[in-house]
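To keep things clear, I will list the structure first and then write my remarks on it.
The values are calculated or read from the model by the stated rules, or taken from the named source; none is laboratory data. This structure is a prediction, so every number in the text was calculated from the model and none was measured. With ideal geometry, Cβ positions are generated from the backbone for all residues, glycine too; neighbour counts draw on all protein chains shown.
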Amino acid sequence: MAFDNEAVEEENFAQMFEASCKEQESNRITEGEIVEIQEEDERALVGVGEKLEGIISLDEIRDEDGTLLFGVGDKITVMVTGYYNERPKISYRQVLRQKKTLDFIATHKDDFESLVIEGKIAKKNKGGFIVEADGVSFFLPRSLALFKESDNVVGRSVRAQVIKLDDDTIVVSRRKLFNEEKKRKKEVIDALMEDDKIVEGTIKKITSYGMFVDVGGVDGLVHYNEISYKGPVNPSKLYNEGDVVTVKAISYDKEKRHLSLSIKAVMSDPWVEIEEELEQGDSITVIVSNIEPYGAFVDLGNDIEGFLHISEITWDKNIKDPSEYLTVGEDIDVEVIDIDSQKHRLRVSLKSLLPKPFDEFIKKRKEGEIVVGIITSLTDFGAFVKIDGVEGLLHNQDASWDKGTKCRDLFKSGDEVEVKIAKINYDDQKISLNRKALLESPVEKFAATHRVNDIVSAQVRDVKDFGVFVTLEDGVDALIRNEDLEPLVAEELTKDQEIEAAIANIDVARDRIRLSVSKLSRLKDKQIIDQLNHEESSNSLGDLIKDKLNR
């Protein structure tokens, strides 16, 4: 008899099995009597009509609770499997196993050809392997085992198909099972790939990238992209192992023997319907289905999902976390800003349906108004200040009268600051702010105690082509133009050099002071004349006569 043309022709498996067991001197079954139980050695001595009693492990005669099934003097049926130092080697389990094997043969002698068993390889012998399953011993010939010589297979779980039953031997084949399953899988896959067949399958395993579904004994993968028209989804949130799903085969890789299935291919494409119903600019109500750091996904129903980018959630440019504005499961109204049914892409905007903060701002604010705002961010060029939900820019040069001071030196994010609305640019929707306009300027303070033509002392700060910048008391800057510098020469001046000059002009509105060295000599001459005139006017007639006589 041949099996799949791959088994050895006319091979007598019963003889092979018997030959493989010849290392055991005999396999006779006999009735014995327990002579002694040696619990300290975990063994019992059993008389079987030999010179020496046979030894049996107590584990073989204990039940599942560990209770001994036999005692001294009890009769017990055992199998003599060989001899060791003239003492019989006996086994009670072998008797039970043989009985189960014979019962199996009797039960399945007429219907074994499609019978598949699952068991563990108990041992390896000359002819092949002994497989045990549910207390029954099966013989797996080496030629039908599909193992390499180097494989260490003892203890390994295997599936095999029963191919022969003898009086006391059951022969199984892994090769027969492999070929049968290969043939059956090919038939199933061929049927699946024909005519866009739709079938039901059972989910066997769920992973992060998809689900393995059993369709007629063949496992196929439903990738997470093939579950819903929403795009990649987490299958564990939608299904459980054991669920029955309707699928369609979409491809089969013969080389990798990889079957790809699809759930969404069974459904009609909702994007075709939505293309006919929605247009850019339409307002729709959606449900927030998922929130990410970069935005939120919204559910339109019918397996369509749109994307709400973080920049489209609010007019606030400093939004950091979408979850501060949205909640999963919340209904919101949004505007469709982009729809592409071919690429299955839909983008929506929430802020487009909200009032623009700038429009609200200009309704109640005007240029020149003094307001209080919050510092939202600091940059190298200034600070952004939020006022009534709108950000205005406070430039460094408008934050302080100290020209070397920047906003980051004065404030930190979150600080309150009082500012003046300097300018509102309606076209660009930009707001310029000024803080130093609310503070007393150094020039204004200087003007309170000085006037034009006062002679002051100054330090040279910087020499330019058009003149010299100097520093007055309290750090106030002033300019001496080249035409007002004589008799001094700009090239001969050094930084921090102390010079005298007269105040030529104080312009508080423009925060400017101009000095003149040229005017200095004329003012000093005038001061002397004024002093003389003052002295002459204070002399009496007697003093003049007296002074004349003294000459």
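Key figures
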| item | result |
| --- | --- |
| Selection within segment 106-134 - touching a Ser or Thr at 6+ places or on another chain (Cβ under 8 Å) and acidic (Asp, Glu) | Glu118 |
| Condition check for Val348: surrounded by 14 or more Cβ atoms within 10 Å (Cβ to Cβ), at negative phi and assigned by TED's automatic domain parsing to the domain that holds Glu312 | yes |
| Residue, surrounded by the most Cβ atoms within 10 Å (Cβ to Cβ), within segment 382-420, restricted to residues that are in contact with a helix residue (DSSP H, G or I) (Cβ under 6 Å, 6 or more places away or on another chain) and assigned to a loop (DSSP other than H, G, I, E, B) | Ala399 |
| Filter result (at pLDDT below 90 and either among the acidic types (Asp, Glu) or more than 58 Å from the chain's Cα centre (by Cα) (or both)) within segment 466-476 | Glu473, Asp474 |
| Selection count where residues are crowded, with 17+ Cβ neighbours inside 10 Å and under 19 Å from the mean Cα position of the chain (by Cα), scope segment 311-345 | 1 |
| Enumeration of residues in segment 428-473 that are farther than 30 Å from Gly389 by Cβ and assigned to a helix (DSSP H, G or I) | Pro442, Val443, Glu444, Lys445, Phe446, Ala447, Glu473 |
| Filter result for the condition that a residue is without any contact (Cβ under 8 Å) to a residue 40 or more places away in the chain, at positive phi and of a type in the set (Asp, Glu), over Asp134, Asp151, Asp190 | Asp134 |
| Output for segment 59-85, where each listed residue is more than 17 Å from Asn27 (Cβ to Cβ), without any contact (Cβ under 8 Å) to a residue 40 or more places away in the chain and either buried (at least 17 other Cβ atoms within 10 Å of the Cβ) or more than 60 Å from the chain's Cα centre (by Cα) (or both) | Ile61, Leu69, Phe70, Gly71, Val72, Asn85 |
| Pick from segment 473-501, criterion touching a helix residue (DSSP H, G or I) at 6+ places or on another chain (Cβ under 7 Å) and closer than 17 Å to Asp454 by Cβ, ranking: surrounded by the most Cβ atoms within 10 Å (Cβ to Cβ) | Ala501 |
| Candidate set from segment 286-305 (those that are in contact with a helix residue (DSSP H, G or I) (Cβ under 8 Å, 6 or more places away or on another chain) and in contact (Cβ under 8 Å) with a residue 40 or more places away in the chain); member that is surrounded by the fewest Cβ atoms within 10 Å (Cβ to Cβ) | Asp303 |
| Residues satisfying the stated conditions in segment 73-113, i.e. within 24 Å of Lys176 (Cβ to Cβ) and in a helix (DSSP H, G or I) | Arg97, Lys100, Thr101, Leu102, Asp103, Phe104, Ile105, Ala106, Thr107, His108 |
| Selected residue [on the phi > 0 side of the Ramachandran plot and not basic (Lys, Arg)] from Asp269, Asp321, Asp303, Asp331 | Asp303 |
| Restricting segment 222-247 to residues that are of a type in the set (A, V, I, L, M, F, W, C) and part of a loop (DSSP other than H, G, I, E, B), the residue that is nearest to Val188 (Cα to Cα) | Ile227 |
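Quick grid of which residues meet (1) in contact with a His (Cβ under 9 Å, 6 or more places away or on another chain); (2) at pLDDT 90 or above:
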residue: Val222; (1), (2): no, yes
residue: Tyr239; (1), (2): no, yes
residue: Asp243; (1), (2): no, yes
residue: Tyr252; (1), (2): yes, no
residue: Arg257; (1), (2): no, no
residue: Lys264; (1), (2): no, no
